[in-house]
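The values are calculated or read from the model by the stated rules, or taken from the named source; none is laboratory data. Everything numeric here is computed off the predicted structure, so don't read it as measured data. Glycine gets a Cβ as well: all are built from the backbone with ideal geometry, and neighbour counts include every protein chain shown. Areas reflect the complete protein model, heavy atoms only, side chains present, ligands, DNA and RNA absent. Shrake-Rupley method; radii C 1.70, N 1.55, O 1.52, S 1.80 Å.
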Amino acid sequence: MNITTLTGVQIEAIAACLPAQVQDNATACRPLYGDAVDALIKTTGIREKRIASGGISSLDLCCRAAEQILMRKKIERLAVGAVVCVTFTPDQWMPCNAVGAQARLALSRDCLTFDINQACAGYAIGLFQAGLLVRQLNKLVLLLDGDVQSPFVSSGDKGTFPILSDAGTATLLVPAVTEDSWAFAFYSDGSQRDVLAIPAGGSRAPMDAGALQEQVFADGSRRRACDIAMDGFAVFSFVAQTVTTLMAEFIEQTHTALQDVDAFVSHQANVYMVKQLAKKLKIAEEKVLISCDMFGNSASATIPVTLAAKGQACLRKDRAASLLLAGFGAGLSVALARITLPPTCCLDLVEQSET
């Protein structure tokens, strides 16, 4: 495992924007699961999800979160040196979401802007890239992370419909004189890229009439080739075996004492997976932050959503809080991080209006 460290960077604020529309899984999933819906919810732990109304995009949600930070921290917008956007559901295939954010947030035209096409592991990857830019540019950097997955989720798909949701987030990183050192490690196995994917819509299989035709699968699920397809058993096995092993190696090689960790923030695949991962790593239950029971699995945004919603409890008055982050999923990819949050870090959760 290759461990990469980063110093001289600090997170000033994290904000998450959730769509106002709440989907109750007991009601929404009953046509798919019948009387077994209660067992489904007990297994996944996901009682509710947030779903964007038609016309609300990933850029809308991320920019709303960014505006919350810029207003609360009273940031001079021309001081922002770069915008990095993590998303696999951009408003358009071209140009990238980060360019749209520069205009909508009235940032400098000298701003560096680019997207990172990543799903579940994307937040830690984005933090690493944004942190490098903070060091090189010596300027503030906005990391936007969000996806509107619902247009790519079939209401007839038993694997994805009860789980996947929508959210947008923003994280403000700044140069800092601090002794805190962040650590990162990454893993990718592209040989398993079809385990969690959107089969059609890219250059290999362009969108056509066939991609819009619904197909019926062995488990009774229905979805189009342009919808998200997930092999749930393969993903679970990946987390139980590969992710757990990598996380244990990361903790050992970074000399991380679990008693000194203030919070473990995992990708919120579902409640069961998060708790099982923490249990295998022997992380105390009270240090495990969970939000997917209320908000669902919003891809890589689940980590900043969880911090915005639940992170206040882990902040410390006298020192920076120590966090372990674990992102994993589509790719199949893993991104691990040990970071800190200063006592002054602002954490906000807002809703996107329906209009």
*Estimated vicinal HN-Hα couplings, Hz - segment 271-280 in sequence order (Karplus 6.51, -1.76, 1.60; Gly, Pro = x)*: 4, 4, 4, 4, 5, 5, 4, 5, 5, 5
*Which number do you get for Rg(Cα) / (2.2 N^0.38 Å) in segment 11-154?*
1.21
*Using modelled amide H (1.01 Å from N, peptide plane; none on Pro or chain starts), what sits under 5 Å from the amide H of GLN215, excluding residues fewer than 5 places away?*
ARG223, ARG224
*How big is the C-alpha Rg of segment 121-277 next to the rule-of-thumb value 2.2 N^0.38 Å, as a ratio?*
1.26
_Checking the a/c ratio against 1.5 first, then a/b against b/c, what shape does the Cα gyration tensor give for segment 196-355?_
prolate
*Work from the charge dipole of the chain (Cβ charges, +1 for Lys and Arg, -1 for Asp and Glu, about the Cα centre) and give the residue of GLY190, PRO342, THR160 farthest towards its positive end.*
PRO342
*Go through (1) 19.3, 60; (2) 25.6, 82; (3) 24.2, 85 and flag the label whose value is the computed Rg and Dmax of the Cα atoms in Å for this structure.*
(1)
*If you average the sequence gap of Cα pairs under 8 Å that are 6 or more apart and divide by the length of segment 105-209, what percent do you get for the contact order?*
22 percent
_Explain nothing, just the number: dipole magnitude of segment 226-355 about its Cα centre with +1 on each Lys and Arg Cβ and -1 on each Asp and Glu Cβ, in debye rounded to the nearest 20._
440 debye
_Debye equation applied to the C-alpha atoms of segment 35-109, log10 I(q)/I(0) at 0.16, 0.21, 0.22 Å⁻¹_ = -0.69, -0.94, -0.99
*Loop-resident sites, segment 156-229, for chymotrypsin sites (Phe, Trp or Tyr not before Pro), counting at most 16 other Cβ within 10 Å (DSSP)*: PHE217
_Is there a quick way to get the dipole size of the chain? I mean about its Cα centre, with the Cβ of Lys and Arg at +1 and of Asp and Glu at -1; what is the value in debye to the nearest 20?_
420 debye
*Among VAL148, GLN276, ALA308, flag the residue with its Cα farthest along the positive direction of the charge dipole of the chain, charges on Cβ as +1 for Lys/Arg and -1 for Asp/Glu.*
ALA308
_Charges on Cβ only, +1 for Lys and Arg, -1 for Asp and Glu, centred on the Cα centroid of the chain; of SER237, ILE46, GLN259, which one is farthest towards the dipole's positive end?_
GLN259
*To the nearest 500 deg cm²/dmol, what mean residue ellipticity at 222 nm is calculated for the chain from DSSP H runs of n ≥ 4 alone, each contributing -39,500 (n - 2.57), summed and divided by the residues?*
-7500 deg cm²/dmol
*In degrees, nearest 10, range 0 to 90: what is the angle between the Cα axis of helix 122-137 and the longest Cα principal axis of the chain?*
30 degrees
*Got a sec to turn the phi values of segment 74-82 into Karplus ³J(HN,Hα) couplings, 6.51 cos²θ - 1.76 cosθ + 1.60 with θ = phi - 60°, whole Hz, x for Gly and Pro?*
6, 7, 6, 5, 6, 7, 7, x, 7
*Would you mind getting the accessible area per residue of segment 176-286, heavy atoms of the protein chains only, 1.4 Å probe, in Å²?*
57 Å²
*Sort GLU12, GLU179, GLU249, GLU214 by accessible area with a 1.4 Å probe, largest first.*
GLU179, GLU214, GLU249, GLU12
*Which ³J(HN,Hα) values in Hz, rounded to whole numbers, follow from the phi angles of segment 3-20 under the Karplus curve 6.51 cos²θ - 1.76 cosθ + 1.60, where θ = phi - 60° and Gly and Pro get x?*
9, 10, 10, 9, 10, x, 10, 9, 8, 8, 6, 9, 10, 10, 10, 10, x, 6
*In whole percent, what relative contact order does segment 84-138 give with Cα contacts below 8 Å and a gap of six or more residues?*
44 percent
*Just how large is the dipole of segment 12-163 about the Cα centre, in debye to the nearest 20, putting +1 at every Lys and Arg Cβ and -1 at every Asp and Glu Cβ?*
380 debye
_LEU140 long-range amide H proximity, modeled H, under 5 Å_ = GLY81
*At a 1.4 Å probe, what is the % contribution of carbon and sulfur to the accessible area of segment 1-125?*
51 percent
*Kirkwood hydrodynamic radius over Cα pairs of segment 288-351, then Stokes diffusion coefficient at 10 °C and 1.306 mPa s, in µm²/s*: 124 µm²/s
*Pull up all non-local amide H partners of ASP348: gap of 5 or more, or a different chain, and H-to-H distance under 5 Å with H placed in the peptide plane.*
ILE14, ALA15, ALA16
*asked:* I need to check one value: relative contact order of the chain, counting alpha carbon pairs closer than 8 Å and at least 6 residues apart, in percent.
replied: 27 percent
*Percent of accessible area on segment 211-355 owned by carbon and sulfur, 1.4 Å probe?*
52 percent
